[in-house]
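One structure is given below, encoded as structure tokens.
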Amino acid sequence: MRLSALAAAVMLSAAARAQLSLGGPEAPEPGSSLLAPAMASRLERDAERFDPQAWASDPNRQALESAERELRLMAAELARMGATLGTDGSHLMLAAMTIDRRLDELDNALQSLDDRVMLGSLAHDIAQVRVDWDRGEVVSPEQLDRDLRYVLAQAALLRFDSLPTGQGWFEVGRSTPMGSLDDVIESLRGVGLSPGTIESLIELNDRLKLMQAWPGYTRSSDAEMRAIRGAADTLLGLPGWITQEARQRFLNDFSDAISSRNTTIRTELLKLIAAQGRVIEQLSALGEGREATRLRSRAAKALAQETADAAVALAAAKLASETLAITAKQTGLDRDDDVLRQLKPAWRKLVPKVRNTSVSARVAAVALLVDPTDLTDPGVLASIAAQRQLADDFQILRRLSALLKPDPAHTNRAYDAIANRLLALGKDMNDPDLFDSSLALFRQLDRELDLWDEINQLREPAMRVVGNRRDALTLRLDKLRDSWLAAWGTPGGRGSGELLSGDLEMMAGVLRALADVDAFTDLGALESWPGFEMMPRVRRTVTDGLSSAVDSLVADVVRGPSPIALERSTNGLIKLRGSYGPALVAGRLARLGREDGLALAGPIAELALGPPTDDSWMADHRDAIADICWYSTELTAAHTDDPGEERDATKSLRAYLLWRSLRTLEAIERERE
């Protein structure tokens, strides 16, 4: 995440950020849904087919009838609640649509349980949850997840031996549960915690171990255990320069966290302790010296202060830790033996900047501990940004050095020419008037190499949707690469130039969109992810005319390169993204899901594996994706009586849907930069 984005995000939760309109079209009014009442009525009628009382002589059948009936009434209740809340009810509508789509599978799953006690319990629990919902309180996404997990917990336990990998709100790269905290508790007995805190921790550990045994609760338990273990590592590793006041504050925060019944508050405090512990460790690693001693002294005083806002303090500590981690890597840069000869002038010109930049960044990192609200202080952010940029510049030179390194077995004249041009740019950096513009060209080359990497990755899926223009597009890409290489290797040249650079940006954007279109034809595991729902008839609605739009865009692209073709292609890409956002978002999610390990799931896993953690895949975009799924389905329902979209309400619905989709697509792209 970019520095400015991180600072701006501090004061807002992910859900709050997702709800900001930022001047977009008005969302449909609560209660205006055509889809929800019809769905709820249909589900309620379907529920009437099941009559538990008629099977009083057959307890097994009676329990099954009760469970199947309650399942439909629950989905109907979700739809009715969601319709009254507008965008705040999108997650309720999404769950209702998921249950509706997977009713046959859910029925089969219930029938396979063959356990009247469990089925009776499930029916009773659903009925109780519906009573709770009827009290009128807004059901948050997290509460809905917990309610669904609660009613289906036993079914999930029978279905899975352990938490299935890649299903539900999964976490990328994490599948092994923590186990227990027995060793942590034993270690913490000697750090100064009260007997009451130790006892509370033992009770919490017992509860978390019990949760580990239930697939629907494993992920939540694991997240809490990680937070406790991270905080414990801080308490156990406090160095001698931490004052007694700071030690006591850590103990107080840990005790408050363990005793809290609010999981969110508990986890936030524990993560804060762990994040500040990482900062302490990094400051300790600075060694001796006046600067290090001064920084540690300021940090110790700051860490002794009572925590006012754990969320802001946590964000500040994370940024401080990231900053110190970067400065720790900025060592040994005066040794450039492994740097390509042509890049050494640029490298050596950057080295003198390291000390001052690192000092300023370390001061800024400690300032974030002293006053976490400095997250929005321009001076602090400027110091951190300067350090990050310098670290990025060194990384750019490392990348170019590896890329352009001569291969004895193969002469690459284009790469040799680029290396020599970079040599000249490095020498130009000796002139103060040319330093910034020359360095900017290194950065531009790096950005454009990123675009080529993306283009190469996306060529194959993009080619699958261009029909008979495949050869023409391949030729266009090859010519663009040849021209781009020649431009960067031109003696005295200023990089790729405006036209080629714009052409490359456009081409990457086009292939990105084409790959999304390709992925939309087979959404794969995304169809069973709890954050997404899109029926086939809805997909037809959001892709109406898409093939013609793609063909028109590619026709403009292959006519290039020229200023006119670039303008037409850029406008065509903007139009495609603005007109077919729901399909592109779905395709992007499907692509990223395949890359990140999203796995196909059955209906129980889709509904019953609990709420997302902070690290869950796409959790920050949950509200936006739910909006897109609901209003895409809502638009499909509106087409029943208004296929030409002549009514103002239908036009407004489409406008909001397309705007929400485009903003979400952009947000996902920024996150992945």
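Within the range 416-440, track down each residue that is buried (at least 19 other Cβ atoms within 10 Å of the Cβ) and not charged (D, E, K, R).
Hits for the range 416-440 are 418, 419, 422, 425, 426, 429, 438, 439.
Do we find that residue 419 is of a type in the set (Gly, Ala, Ser), farther than 29 Å from residue 324 by Cβ, in contact (Cβ under 8 Å) with a residue 40 or more places away in the chain and out of contact with any helix residue (DSSP H, G or I) (no Cβ under 7 Å at 6 or more places or on another chain) in this structure? Let's see the steps before the verdict.
On the way: of a type in the set (Gly, Ala, Ser): yes; farther than 29 Å from residue 324 by Cβ: yes; in contact (Cβ under 8 Å) with a residue 40 or more places away in the chain: yes; out of contact with any helix residue (DSSP H, G or I) (no Cβ under 7 Å at 6 or more places or on another chain): no.
So residue 419 does not fit the description; no.
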Worksheet item: Looking only at the range 263-281, which residues are closer than 12 Å to residue 227 by Cα and either basic (Lys, Arg) or not assigned by the TED database to the domain that holds residue 246 (or both)?
Response: 266, 271
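Is it the case that residue 586 is of a type in the set (A, V, I, L, M), in contact (Cβ under 8 Å) with a residue 12 or more places away in the chain and more than 25 Å from residue 459 (Cβ to Cβ)?
Details: of a type in the set (A, V, I, L, M): yes; in contact (Cβ under 8 Å) with a residue 12 or more places away in the chain: yes; more than 25 Å from residue 459 (Cβ to Cβ): no.
For residue 586, the condition - of a type in the set (A, V, I, L, M), in contact (Cβ under 8 Å) with a residue 12 or more places away in the chain and more than 25 Å from residue 459 (Cβ to Cβ) - is not met.
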Discussion item. Can you find, within the range 225-262, the residue that is surrounded by the fewest Cβ atoms within 10 Å (Cβ to Cβ) among those that are among the basic types (Lys, Arg) and farther than 26 Å from residue 170 by Cβ?
Written reply: 261
Worksheet item: Restricting the search to the range 76-120, which residues are without any contact (Cβ under 8 Å) to a residue 40 or more places away in the chain and either surrounded by fewer than 17 Cβ atoms within 10 Å (Cβ to Cβ) or basic (Lys, Arg) (or both)?
Response: 104, 107, 108, 112
Item to complete: Give just the number: which of (1) hydroxyl-bearing (Ser, Thr, Tyr); (2) at pLDDT 95 or above; (3) more than 20 Å from residue 104 (Cβ to Cβ) does residue 57 not satisfy?
Response: (2)
Worksheet, complete the sentence: So, first residue farther than 17 Å from residue 248 by Cβ and surrounded by 12 or more Cβ atoms within 10 Å (Cβ to Cβ) in the range 183-199, second residue small (Gly, Ala, Ser) and modelled with pLDDT of 95 or more, Cβ within less than 9 Å, six or more apart or across chains; the pairs are 184/232; 185/232; 187/232
Worksheet entry | Candidates 552, 547, 562, 579, filtered to the one that is at pLDDT below 95, surrounded by fewer than 21 Cβ atoms within 10 Å (Cβ to Cβ) and farther than 30 Å from residue 159 by Cβ | 562
Worksheet item: In the range 121-143, which residues are surrounded by fewer than 16 Cβ atoms within 10 Å (Cβ to Cβ) and basic (Lys, Arg)?
Response: 135
Item to complete: Would you mention how many residues in the range 213-237 are part of a helix (DSSP H, G or I) and more than 25 Å from the chain's Cα centre (by Cα)?
Response: 5
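I'd like to know if the range 439-447 contains one or more residues that are among the acidic types (Asp, Glu), in a helix (DSSP H, G or I), farther than 23 Å from residue 350 by Cβ and in the same structural domain as residue 556 (by the TED database).
no
Conditions tested, residue by residue: (1) at pLDDT below 95; (2) touching a strand residue (DSSP E or B) at 6+ places or on another chain (Cβ under 8 Å); (3) buried (at least 20 other Cβ atoms within 10 Å of the Cβ).
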position	(1), (2), (3)
264	yes, no, no
275	no, no, yes
281	no, no, no
285	no, no, no
289	yes, no, no
294	no, no, no
297	no, no, no
Worksheet item: In the range 517-527, is there at least one residue being surrounded by 19 or more Cβ atoms within 10 Å (Cβ to Cβ), under 21 Å from residue 564 (Cα atoms) and in contact (Cβ under 8 Å) with a residue 12 or more places away in the chain?
Response: no
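Could you identify the single residue in 152, 163 that is outside the structural domain of residue 219 (by the TED database), in contact (Cβ under 8 Å) with a residue 24 or more places away in the chain, of a type outside the set (S, T, N, Q) and over 20 Å from residue 224 (Cα atoms)? First the steps, then the outcome.
Details: 163 fails: over 20 Å from residue 224 (Cα atoms).
Just a single option satisfies the conditions, and that option is 152.
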Discussion item. Just to verify a result, which residue in the range 453-465, among those that are crowded, with 17+ Cβ neighbours inside 10 Å and in a helix (DSSP H, G or I), is nearest to the chain's Cα centre (by Cα)?
Written reply: 458
Worksheet item: Checking residue 141 against (1) at pLDDT below 95; (2) more than 27 Å from residue 625 (Cβ to Cβ), which test does it fail?
Response: (2)
Practice prompt. Exactly one condition in (1) more than 28 Å from residue 305 (Cα to Cα); (2) at pLDDT below 95; (3) surrounded by fewer than 16 Cβ atoms within 10 Å (Cβ to Cβ) is not met by residue 222; state its number.
Written response: (3)
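Sort out which residues of the range 440-460 are basic (Lys, Arg) and closer than 20 Å to residue 394 by Cα, and write them in order of number.
Listed by number, the residues that qualify are 443, 447.
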Worksheet item: How many residues are touching a residue at least 24 places away in the same chain (Cβ under 8 Å) and farther than 14 Å from residue 306 by Cα when one looks only at the range 258-272?
Response: 9
Worksheet item: Of the conditions (1) of a type outside the set (Val, Ile, Thr); (2) farther than 23 Å from residue 132 by Cα; (3) assigned to a helix (DSSP H, G or I), residue 25 fails just one. Which one is it?
Response: (3)
Discussion item. What's the total number of residues in the range 322-360 that are touching a residue at least 12 places away in the same chain (Cβ under 8 Å), small (Gly, Ala, Ser) and within 26 Å of residue 425 (Cβ to Cβ)?
Written reply: 2
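The values are calculated or read from the model by the stated rules, or taken from the named source; none is laboratory data. Because the structure is predicted, anything quoted here is derived from the model rather than measured. As a convention, Cβ positions derive from the backbone with ideal geometry for all residues, glycine included, and neighbour counts pool all protein chains shown.
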